[in-house]
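The values are calculated or read from the model by the stated rules, or taken from the named source; none is laboratory data. As the structure is a prediction and not an experimental result, all values here were calculated from the model. For neighbour counting, all protein chains shown are included, and Cβ atoms are generated from backbone atoms with ideal geometry for every residue, glycine included.
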Amino acid sequence: MDKIVIEGGRPLHGTVKTSGAKNAALPLLAATLLTGGVHRLRNIPHLRDIRTTKTLLYHLGATFEEGDPLSIHTETVDDYEVPYDLVKTMRASVLVLGPLVARFKRARVSLPGGCAIGARPINFHLSGLERLGVNIELKHGYVEASAQKLVGNHIYFDIPTVTGTANIMMAAVLAEGQTVIENGAREPEVVELASCLTNMGGSIQGAGTSVITIEGVSELQPLDHTIMPDRIEVATYLTAAGITRGSITVRPCIPEHVEAVIHKLEQAGMRFEIGDDYITCSAGETIHNIDVETNPYPGFPTDMQAQIMAMMCLADGQSIIIEKIFENRFMHVSELKRMGADISIEGNTAIVRGRSKLQGAPVMATDLRASASLVLAGLAAEGVTEVSRVYHLDRGYERLEEKLSGVGAKIERVKG
């Protein structure tokens, strides 16, 4: 297996060009299943999860013309079954369930896999589809969905769910009548999907708020869209500037998408210059301790919890980090402790006592964002850090070692 080798202790300076947002691209790729035709998507990131999704679509009968834009031909889609081998590594594969049942009135999709950061059940997806008139059965590890027709309804989520909101929106856009989603996810990726579905001929109001109203239509047109910048990638590189005591400009980006992260980094002593499509983060004289609690958007994102924890390992005091989204998202703690971090866990709370330095060490990635936190720690640590199992990293960061090298990091990928 590949590993990433980092010689730390170098302040990073320069500009990083961000890629398209993985978490926006995945539901949009799924949305191409809603109607036959030639769909065009620009700024698609070259990531493992994207390749997995394209393989899944190909299995269903879609064909591709590679390039930018990526052209996806879905008039040839003639299958509605997604086997386990195609979904075992990626939870977002469940996003094809809504589009398939909306278009073909049936779907057979294996229960998904992905990062081991908690149960992340899909019961909200299934109960929402049942409210739209879909019959759901779980058989032999598969979700078997069928319907005579989809009919709009009122759907309430007990907790906001990004993929659940996306799945129900995609199904409801072709349902008869009106669907109202209450306590829906407000993330920018949901807003982008709603905008695209509307441009395809759908009718969606309220995206970006907790109440989303969908008026069903009888047909849609093919999708043509440019993927927005990845806000988690943006926030990760801003944190890299802080932890290495450097200065990094990240562009293109949508600054309002990372306001919660910027707020916390400012508390930690970072200085910012913010433009329409760029952010410059410069380290202060010291890293101040801060307290962080993850929450659904617009709160502090769970996908940045591990990275901010790595930074707090070098803060000038004690930080409290509370994880409120996933129950098993502190697996990076044991690896950070191998590098000299002083962290203790009490339930869903991490107590991080800052130290003056970290030391390079062999560490192992356990999930996507944990991988990023270990890379950040390695950039700031004394000596050499080797991060193994970086296939997790490749699920969400495009050419990370190349981009970091471009701003002064001594980092390389070693083929395993």
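Let me confirm something: among Asn183, Asn199, Asn167, which residue is modelled with pLDDT of 95 or more, polar (S, T, N, Q) and closer than 22 Å to Asn43 by Cβ?
Asn199
If a residue must be without any contact (Cβ under 8 Å) to a residue 24 or more places away in the chain and not charged (D, E, K, R), how many such residues does segment 39-67 contain? Give the steps one after another, and end with the answer.
As a first pass, look at segment 39-67 and keep what is without any contact (Cβ under 8 Å) to a residue 24 or more places away in the chain: 51, 58, 61, 63-67.
Adding the requirement that they be not charged (D, E, K, R) leaves 58, 61, 63-64, 67.
Total meeting the criteria: 5.
Out of all the residues in segment 110-126, is one or more over 21 Å from the mean Cα position of the chain (by Cα), assigned by TED's automatic domain parsing to the domain that holds Leu28 and under 22 Å from Leu223 (Cβ atoms)?
Checked segment 110-126: no residue is over 21 Å from the mean Cα position of the chain (by Cα), assigned by TED's automatic domain parsing to the domain that holds Leu28 and under 22 Å from Leu223 (Cβ atoms).
State which residue pairs qualify: first residue on the phi < 0 side of the Ramachandran plot and inside segment 240-263, second residue basic (Lys, Arg) and in a helix (DSSP H, G or I) in any location, beta carbons under 6 Å apart, and separation of 6 or more residues or different chains.
So the pair list comes out as His257/Arg231; Val258/Arg231.
Restricting to segment 132-154, name every residue that is part of a strand (DSSP E or B), without any contact (Cβ under 8 Å) to a residue 40 or more places away in the chain and polar (S, T, N, Q).
Matches in segment 132-154: Asn135 only.
Specify the residue that is farthest from the chain's Cα centre (by Cα); the eligible residues are those in segment 188-212 that are more than 17 Å from Gly98 (Cβ to Cβ) and not in a helix (DSSP H, G or I).
Only one residue fits best here, namely Gln205.
Among the candidates Pro99, Pro112, which residue alone is surrounded by 17 or more Cβ atoms within 10 Å (Cβ to Cβ), in contact (Cβ under 8 Å) with a residue 12 or more places away in the chain and assigned to a loop (DSSP other than H, G, I, E, B)?
So the residue among Pro99, Pro112 that is surrounded by 17 or more Cβ atoms within 10 Å (Cβ to Cβ), in contact (Cβ under 8 Å) with a residue 12 or more places away in the chain and assigned to a loop (DSSP other than H, G, I, E, B) is Pro112.
Being closer than 27 Å to Glu189 by Cα and among the acidic types (Asp, Glu), is that true of even one residue in segment 307-321?
no
Would it be correct to say that Ala107 is at negative phi and either in a loop (DSSP other than H, G, I, E, B) or touching a Ser or Thr at 6+ places or on another chain (Cβ under 7 Å) (or both)?
no
With the requirement that a residue be part of a strand (DSSP E or B) and either polar (S, T, N, Q) or closer than 22 Å to Asn43 by Cα (or both), what does segment 374-416 give you?
Correct list: Thr385, Ser388.
Among the residues of segment 155-171, how many are in contact with an Asp or Glu (Cβ under 9 Å, 6 or more places away or on another chain) and touching a residue at least 40 places away in the same chain (Cβ under 8 Å)?
4
Which residues, counting only those in segment 231-254, are touching a Pro at 6+ places or on another chain (Cβ under 7 Å) and outside any helix (DSSP H, G or I)?
Once the filter is applied, which keeps residues that are touching a Pro at 6+ places or on another chain (Cβ under 7 Å) and outside any helix (DSSP H, G or I), segment 231-254 yields Thr244, Arg245, Gly246, Pro252, Cys253, Ile254.
Do any residues in segment 362-374 that are under 11 Å from Val333 (Cβ atoms) have Cβ atoms under 6 Å from those of residues that are of a type outside the set (A, V, I, L, M, F, W, C) and not in a helix (DSSP H, G or I), where the two are at least six apart or on different chains, and which pairs are they?
Ala370/His332; Ser373/His332
So, in segment 332-370, of the ones that are among the small types (Gly, Ala, Ser) and either at pLDDT below 95 or within 15 Å of Ala409 (Cβ to Cβ) (or both), which residue ends up nearest to the chain's Cα centre (by Cα)?
Within segment 332-370, the match that is nearest to the chain's Cα centre (by Cα) is Ala370.
For every residue, the table says whether it meets (1) surrounded by fewer than 23 Cβ atoms within 10 Å (Cβ to Cβ); (2) modelled with pLDDT under 95; (3) farther than 13 Å from Val77 by Cα.
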position: Arg10; (1), (2), (3): yes, no, yes
position: Gly14; (1), (2), (3): yes, no, yes
position: Lys22; (1), (2), (3): no, no, yes
position: Leu26; (1), (2), (3): no, no, yes
position: Arg48; (1), (2), (3): yes, yes, yes
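Please report, ordered by residue number, the strands (runs of 3 or more DSSP E) entirely within segment 288-370 with at least 3 residues that are surrounded by fewer than 21 Cβ atoms within 10 Å (Cβ to Cβ) and not aromatic (Phe, Trp, Tyr).
Values: elements: 318-322, 342-346, 349-353, 362-364.
Those strands (runs of 3 or more DSSP E) span 318-322, 342-346, 349-353.
Among the residues of segment 285-343, which ones are in contact (Cβ under 8 Å) with a residue 40 or more places away in the chain, out of contact with any helix residue (DSSP H, G or I) (no Cβ under 7 Å at 6 or more places or on another chain) and either among the hydrophobic types (A, V, I, L, M, F, W, C) or not assigned by TED's automatic domain parsing to the domain that holds Ala372 (or both)?
Met312, Ala315
Out of (1) buried (at least 17 other Cβ atoms within 10 Å of the Cβ); (2) on the phi > 0 side of the Ramachandran plot, the odd one out for Gly201 is which?
(1)
Suppose we keep only residues that are among the aliphatic types (A, V, I, L, M) and not in a loop (DSSP other than H, G, I, E, B) within segment 115-131. Which one would you say is modelled with the highest pLDDT?
Looking at the filtered set, the residue picked out is Leu129.
Please give the number of the condition Val77 fails out of (1) part of a loop (DSSP other than H, G, I, E, B); (2) at pLDDT 95 or above; (3) surrounded by fewer than 20 Cβ atoms within 10 Å (Cβ to Cβ); (4) over 24 Å from the mean Cα position of the chain (by Cα).
Condition (3) is where Val77 drops out.
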